[in-house]
């Protein structure tokens, strides 16, 4: 089944302690859509300017990513520039030019309105809600968010959470949102705000998943020795999760979410191996399957004798 | 098979943001020995003063902990006092009185000299080495260490590492020891310093295990909502690992170390639920087994349908 993905589409400049690259394809929806496309057809919603490369539309087409929901309007595409600290663990935004994104109102093509799985990738919660309002009761809604919205659009976010089945956020955001230092308490408290399921990303420490009752899952991160560009890892994680669910299951059980989280982690681990979407563009499903098996090996402790 | 445990035996005063308790049994060997005793007989080596409660010797006896290697000398027992930060993630030492520990030279009873499994719990690496020198080729040597020895006794530590099969240390210590920010690189680099296996503890984020070739295992921490006293968690983890190996396997394979790490994590998760050794004293093997099963549930992602 297809998954609808809405979020930002951007042109990025990224500086790490080692390299700097500009005019990179970026934005939450770009990463999430490509990650999801490994498992299911994607219906993409977003906005780009007239400077946006036509070749991306061709690429999306080649990957079963329907871009009828991507508005192409006059003006420049959203631009973001960021710089990472020496250990790649923190980053500073150097500049943001919203450009055509400033007046973006997602409009769903008629063919999108009935889509069972939705990923509201990271954009303002009011825009995320605006997408849901145009849909006929989706079966499973995944939403990603960030510190900016927790700080500046909390009431919009709280309203959105009532309509979300799985909220994805990172550890510092979960702590900020709940004022709890314990991630376990934070996850359980966020569930009480609306979402049945909560996934907390912990970067190099993996991720936690909270489900109904005391259902709980914890996974490590794939052991990468060299990371080139962390940009988009979280969006890729969310896209991998939502895509796996849409492509694989009809009714989502907790055990499906476990596997979805591993696939999200696998895709994210490839994402950071190169700048922008470069590694994901050249990634094969065989490589994904192989890393999934490695994940199994590295996290299971009752395995047959060597 | 029995495991020999050497380390400190102390009387602690511990202050958390919520409570303060004094005259608590503490020290790396106290925690490690009790944790190990869940899986195997223990041979304990340490030193106490004449103020040390006789009742502890009775307790050890009741738990198959042979205390013939604990010297009782005239003077006061080693005393430590520490205070935890608001989130229990960092602590400050308020005072240390080495007392009888100052001139401690471990002397192994003859009956201890042939012991296949050894845990060198956290004490100065020169003392750890002194224990090994008195032994007839142990089969598997586990050593724990801390930042103090990395900073002040690095050459002793480097020499010791040649004789260690499994080194256990925490994430900040692994980074300090190797000057690597990536824990994956740090673990691999420490292996090159001597130990075939390295376990890196990450507190609330679980632990990583590095083995021969590219063997790797990652586990989360048990999801505790309330922690009362983190003191001794690392020593308990090491004791649980070493005790499980000694009590269960003859020749240690990587898959045994995976399970050992889970049992270490299980014991540590109980340890922090109460001050000092109180929770471990009242813990049953059934509770250990149950939490082990929970660990399995929370970390496996290919499980039968619900």
Looking only at the stretch A:264-295, filter to residues that are without any contact (Cβ under 8 Å) to a residue 24 or more places away in the chain and over 17 Å from the mean Cα position of the chain (by Cα); which one of those is nearest to the other protein chains (Cβ to nearest Cβ)? A:293
Checked the stretch B:86-102 for anything part of a loop (DSSP other than H, G, I, E, B) and either in contact with a helix residue (DSSP H, G or I) (Cβ under 8 Å, 6 or more places away or on another chain) or under 21 Å from residue B:46 (Cα atoms) (or both); matches are B:89, B:98, B:102
Given (1) over 16 Å from residue A:246 (Cβ atoms); (2) surrounded by fewer than 21 Cβ atoms within 10 Å (Cβ to Cβ); (3) under 17 Å from the mean Cα position of the chain (by Cα), index of the condition residue A:165 fails: (1)
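Taking the residues in the stretch A:211-220 that are surrounded by fewer than 22 Cβ atoms within 10 Å (Cβ to Cβ) and touching a residue at least 40 places away in the same chain (Cβ under 8 Å) as candidates, determine which candidate is farthest from residue A:143 (Cα to Cα).
If we filter the stretch A:211-220 for residues that are surrounded by fewer than 22 Cβ atoms within 10 Å (Cβ to Cβ), which is where we start, we get A:211-216.
Then drop every residue that is not touching a residue at least 40 places away in the same chain (Cβ under 8 Å), which leaves A:211-212.
Working: A:211: 15, A:212: 18 Å.
So, considering only residues that are surrounded by fewer than 22 Cβ atoms within 10 Å (Cβ to Cβ) and touching a residue at least 40 places away in the same chain (Cβ under 8 Å), the one farthest from residue A:143 (Cα to Cα) is A:212.
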Give the stretch B:244-263 a look and list any residue that's within 12 Å of another protein chain (Cβ to nearest Cβ) and either within 14 Å of the chain's Cα centre (by Cα) or in a helix (DSSP H, G or I) (or both), or say none. B:244, B:254, B:255, B:256, B:257, B:258, B:259, B:260, B:261, B:262, B:263
Out of (1) farther than 18 Å from residue B:42 by Cα; (2) touching a strand residue (DSSP E or B) at 6+ places or on another chain (Cβ under 7 Å), the odd one out for residue B:196 is which? (2)
Scan the stretch A:211-221 residue by residue and report those that are more than 9 Å from chain B (Cβ to nearest Cβ) and within 20 Å of the chain's Cα centre (by Cα). A:211
Given (1) surrounded by 19 or more Cβ atoms within 10 Å (Cβ to Cβ); (2) within 28 Å of residue A:24 (Cα to Cα); (3) without any contact (Cβ under 8 Å) to a residue 60 or more places away in the chain, index of the condition residue A:259 fails: (2)
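Among the listed residues B:303, B:249, B:266, B:288, identify the single one that is at pLDDT 95 or above and surrounded by fewer than 22 Cβ atoms within 10 Å (Cβ to Cβ). So that I can check it myself, show each step before the final result.
Numbers: B:303 fails: at pLDDT 95 or above; B:249 fails: at pLDDT 95 or above; B:266 fails: surrounded by fewer than 22 Cβ atoms within 10 Å (Cβ to Cβ).
Unique residue meeting the criteria: B:288.
Of all residues in the stretch A:1-21, which are assigned to a strand (DSSP E or B) and crowded, with 20+ Cβ neighbours inside 10 Å? Step through it out loud before you land on a result.
Step one: list which residues in the stretch A:1-21 are assigned to a strand (DSSP E or B), which gives A:3-6, A:10-15, A:20-21.
Correct list: A:3, A:4, A:5, A:6, A:10, A:11, A:12, A:14.
Does residue A:67 qualify as being crowded, with 17+ Cβ neighbours inside 10 Å and within 22 Å of residue A:268 (Cβ to Cβ)? Lay out the reasoning, then the answer.
Details: crowded, with 17+ Cβ neighbours inside 10 Å: yes; within 22 Å of residue A:268 (Cβ to Cβ): no.
The answer is no for residue A:67.
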May I ask you to list the residues in the stretch B:62-105 that are touching a strand residue (DSSP E or B) at 6+ places or on another chain (Cβ under 8 Å) and within 14 Å of chain A (Cβ to nearest Cβ)? B:84, B:85, B:90
Look at the stretch B:23-45 and say how many of its residues are touching a residue at least 24 places away in the same chain (Cβ under 8 Å) and within 25 Å of residue B:91 (Cα to Cα). 12
So, in the stretch B:195-210, how many residues would count as being in a loop (DSSP other than H, G, I, E, B) and either surrounded by fewer than 18 Cβ atoms within 10 Å (Cβ to Cβ) or facing chain A (nearest Cβ under 10 Å) (or both)? 3
Where in the stretch A:22-84 are the strands (runs of 3 or more DSSP E), entirely inside, with at least 3 residues that are touching a helix residue (DSSP H, G or I) at 6+ places or on another chain (Cβ under 6 Å) and under 19 Å from residue A:232 (Cα atoms)? A:42-48
Are any of the residues in the stretch A:226-235 within 14 Å of chain B (Cβ to nearest Cβ), part of a helix (DSSP H, G or I) and touching a helix residue (DSSP H, G or I) at 6+ places or on another chain (Cβ under 9 Å)? no
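The values are calculated or read from the model by the stated rules, or taken from the named source; none is laboratory data. Fair warning: this is a prediction, and the values are worked out from it, not measured in the lab. Cβ atoms come from the backbone with ideal geometry, glycine included; neighbour counts cover every protein chain shown.
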